[in-house]
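Beneath this line is the structure, given in structure tokens, with notes to follow.
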Amino acid sequence: MKRSRPLVVVIGLAVAGIVMLSWTQTWFTVHLDAASAVTTTVDADGSKAVPQYTALAIASLALFLAMTIAGRVVRVVLAVIEVLLGVAIVVAGINALADPVAAARGAIGEVAGVSDLSAVRRVVTSVDVSAWPVVGIVGGVLAVLLGVVVLVVQRSWPGPSRKYAATPTATPKAAPVERDAVVDWDDLSAGVDPTSVDATSGAAPSDGTDTADTVGWEPRRSTDGATDHEEHREHH
């Protein structure tokens, strides 16, 4: 059951292909009154008899392709839609088969010069029906059954692949500072002892010195001694 998904998808694509194939074939051969039309026969294919078949078949194709990557809830929704698509195919085929003249009205009107259904019926003498309407209807029935099968067996199918899931990216590390004579000279100009700088990061070593009492990375010289010296000189 877990490996039934590829088989169901292939069958679904084949069923949609059957519906599409029937749409391209001749459904009805209509015989017309020679005095009322420029030709005595008109072939009405599926595109004229059931123009909606192409949209239904393409929707079914897309549905089964989406089912290959869909999760469980989406699969249930897609299966229900497939049942509805199959019902629509069957209903459209039966309606066309029940009234071939109405289904072929567009093709008849092109050669008879009439568009009203009652006028079209008056120029038609007989209609030959091929087997392709039945093929299209059978395709719709298969689509309905396949949708029901998906509802039953999809519970055992695995979930969608996670190979495209986002993965956290590592934060790039700061590039180490390369020590050379120019860098050492710049440190000396800034009042920094280059021998006390971390060779890998360029940061001063952490020795607990308060940054508020430093100049650069060197501890700031206390001014207490200078104040005492000024007071002593003023006393004398």
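Throughout, read-outs are computed from the coordinates displayed, never taken from laboratory work. The structure displayed is predicted, hence computed values, not measured ones. Glycine gets a Cβ as well: all are built from the backbone with ideal geometry, and neighbour counts include every protein chain shown.
So for 24, 29, fewest C-beta neighbours within 10 Å to most, what's the order?
Working: 24 12, 29 16.
Ascending Cβ contact count within 10 Å gives the list 24, 29.
Backbone amide hydrogens, once placed in the peptide plane, bring residue 125 within less than 5 Å of 31, 32, 33, excluding anything fewer than 5 places away on its chain.
Computed from the C-beta positions of residue 110 and residue 152 and an R0 of 45 Å, the FRET efficiency is 0.45 to the nearest 0.05. Computed from the C-beta positions of residue 119 and residue 91, the FRET efficiency with R₀ = 30 Å rounds to 0.65.
How high is the relative contact order of the range 7-144, given as a whole-number percent (alpha carbon pairs under 8 Å, six or more residues apart)?
Details: 215 pairs, mean separation 53.8, N = 138.
Dividing the mean separation by the residue count of the range 7-144 yields 39 percent.
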